[in-house]
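J.: Here it is, the structure, as structure tokens.
Bear in mind these aren't lab numbers, they're just calculated from the coordinates by the rules spelled out. Worth saying up front: this structure is predicted, and the values here are computed from it rather than measured. Glycine also receives a Cβ, built like all others from the backbone with ideal geometry; neighbour counts cover every protein chain displayed.
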Amino acid sequence: MTNATNEKTFDEMTRYIRVRSEPGDKFVEFDFAIGYPELFVELVLPREAFEIFCKHNHVVHMDSDMIREIDEDMVKWRFGERGQRY
């Protein structure tokens, strides 16, 4: 099976992060995704290790639109309707 010319290899895919902890916290809690921001793992690292992790992975911080879409989709799966909790 061959990749289409516009498809990226795994190593070329964008790495996304969304920091969930407060700026002064000892540990950084964050979401990490490769290629698809809506498919992420939750990670926790000491601040210094987090900075190394970000440099090594050339991460892109999720913007507010991406975060809103992901949160709305999570609500949909959790409660059955997009963007409505009640």
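J.: Cα to Cα, under 19 Å, and not fewer than 8 places away if on the same chain: which aspartates and glutamates meet these conditions relative to residue 8?
T.: 38
J.: Same structure, new question: Using modelled backbone amide H atoms (1.01 Å from N, in-plane), which distant-in-sequence or interchain residues come within less than 5 Å of residue 14's amide H?
T.: For residue 14, whose amide H was placed from the backbone, the distant partners under 5 Å are 35.
J.: Return one quarter of the surface area of the convex hull spanned by the alpha-carbon atoms of segment 10-79, equal to its mean projected area, in nm².
T.: If I average the Cα hull's projected area over directions, I get 5.1 nm².
J.: Separate question: When ranked by the protection proxy of mean other Cβ atoms within 10 Å per residue, highest first, what sequence do the peptides 28-41, 11-24 form?
T.: Listed from highest to lowest mean packing, they are 28-41, 11-24.
J.: Quick one: work out the % antiparallel among DSSP beta bridges in segment 10-79, nearest 5.
T.: Of all bridge pairs located within segment 10-79, approximately 85 percent are antiparallel.
J.: If the reach is capped at under 17 angstrom between alpha carbons, list the aspartates and glutamates near residue 26, excluding any in the same chain fewer than eight residues apart.
T.: Within the straight-line limit of under 17 Å, residue 26 reaches these aspartates and glutamates: 42, 48, 51.
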